[in-house]
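Below: the structure, in structure tokens.
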Amino acid sequence: EPEVTQTPSHQVTQMGQEVILRCVPISNHLYFYWYRQILGQKVEFLVSFYNNEISEKSEIFDDQFSVERPDGSNFTLKIRSTKLEDSAMYFCASSEEDRVSPLHFGNGTRLTVT
Amino acid sequence: GQSLEQPSEVTAVEGAIVQINCTYQTSGFYGLSWYQQHDGGAPTFLSYNALDGLEETGRFSSFLSRSDSYGYLLLQELQMKDSASYFCAVFGSGNTGKLIFGQGTTLQVKP
């Protein structure tokens, strides 16, 4: 069964550094998402991406965050200047064209900011 | 906006039946979904209800009552591997496929 893959699985960075989290969504999916989950809390929406542009973003997704689909397969989340509170698990997800189709999540990248 | 409420923890024994409730408030309703998440793992899709009634998938069933803004996930013949967090979720009102998750219910299955 096709799956969403994320790299790296763990990332440790120092406060103020830039990080790029990478994702390869399922190939025939058209909607792409980033979510984050702080330890022990719920899964929070960050951004959705469709047709090569951001379709919706949350208040968490401020100017420090950006997303890109640099080629036909990769989908990246960049945090320009990391803060301690950015430490979380970041999940990439994708879904088919129908907006109510289920989301398929990757295994996540655990980001630790020190 | 959207908000969802579900119990934080549920404990049950192997072989039993457990029901996890979810109430929601949303502007515009596009169905109620359930996801399972094992410790540190990816959320995985379990079920989706767009219309009132019961949907059954093996040992898991999900119910929706739109008039009550209420749904539940029913897990039967519990197994140890069912110990996980269960999230109910609704689609956001924008045409983006965004999911809004509840806080999650941690299910502990005991022998």
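Right, B:Glu77: open to solvent by 40 Å² or more (accessible area, probe 1.4 Å), touching a residue at least 60 places away in the same chain (Cβ under 8 Å) and among the acidic types (Asp, Glu) or not? Against the criterion (open to solvent by 40 Å² or more (accessible area, probe 1.4 Å), touching a residue at least 60 places away in the same chain (Cβ under 8 Å) and among the acidic types (Asp, Glu)), B:Glu77 qualifies.
What about B:Ser61, is it at pLDDT 95 or above, within 22 Å of A:Gly108 (Cβ to Cβ), touching a Leu at 6+ places or on another chain (Cβ under 7 Å) and more than 14 Å from every other protein chain (Cβ to nearest Cβ)? Considered against the rule, which asks whether it is at pLDDT 95 or above, within 22 Å of A:Gly108 (Cβ to Cβ), touching a Leu at 6+ places or on another chain (Cβ under 7 Å) and more than 14 Å from every other protein chain (Cβ to nearest Cβ), B:Ser61 comes out as no. Please specify each residue of region A:23-59 satisfying the condition of being more than 10 Å from every other protein chain (Cβ to nearest Cβ), free of Cβ contacts under 8 Å to residues at least 60 places away in the same chain and surrounded by fewer than 16 Cβ atoms within 10 Å (Cβ to Cβ). Across region A:23-59, the qualifying residues are A:Ser27, A:Ile38, A:Asn51, A:Asn52, A:Glu53, A:Glu59.
The condition of being out of contact with any Gly (no Cβ under 7 Å at 6 or more places or on another chain), within 21 Å of A:Thr112 (Cα to Cα), in a strand (DSSP E or B) and among the small types (Gly, Ala, Ser) does not hold for A:Ser55. Among the residues making up region B:73-101, those that are in a loop (DSSP other than H, G, I, E, B), out of contact with any Ser or Thr (no Cβ under 6 Å at 6 or more places or on another chain) and at pLDDT below 95 are B:Gly92, B:Gly94, B:Asn95.
Quick grid of which residues meet (1) over 30 Å from A:His10 (Cα atoms); (2) out of contact with any Pro (no Cβ under 9 Å at 6 or more places or on another chain):
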| site | (1), (2) |
| --- | --- |
| B:Ile20 | yes, no |
| B:Tyr30 | yes, yes |
| B:Trp34 | no, yes |
| B:Gln37 | no, no |
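The values are calculated or read from the model by the stated rules, or taken from the named source; none is laboratory data. Remember, predicted model here, so these are calculated numbers, not experimental data. Positions of Cβ are backbone-derived with ideal geometry, glycine not excepted, and every protein chain shown enters the neighbour counts. All accessible areas refer to the heavy atoms of the entire protein, side chains included, with ligands and DNA or RNA removed. Shrake-Rupley method; radii C 1.70, N 1.55, O 1.52, S 1.80 Å.
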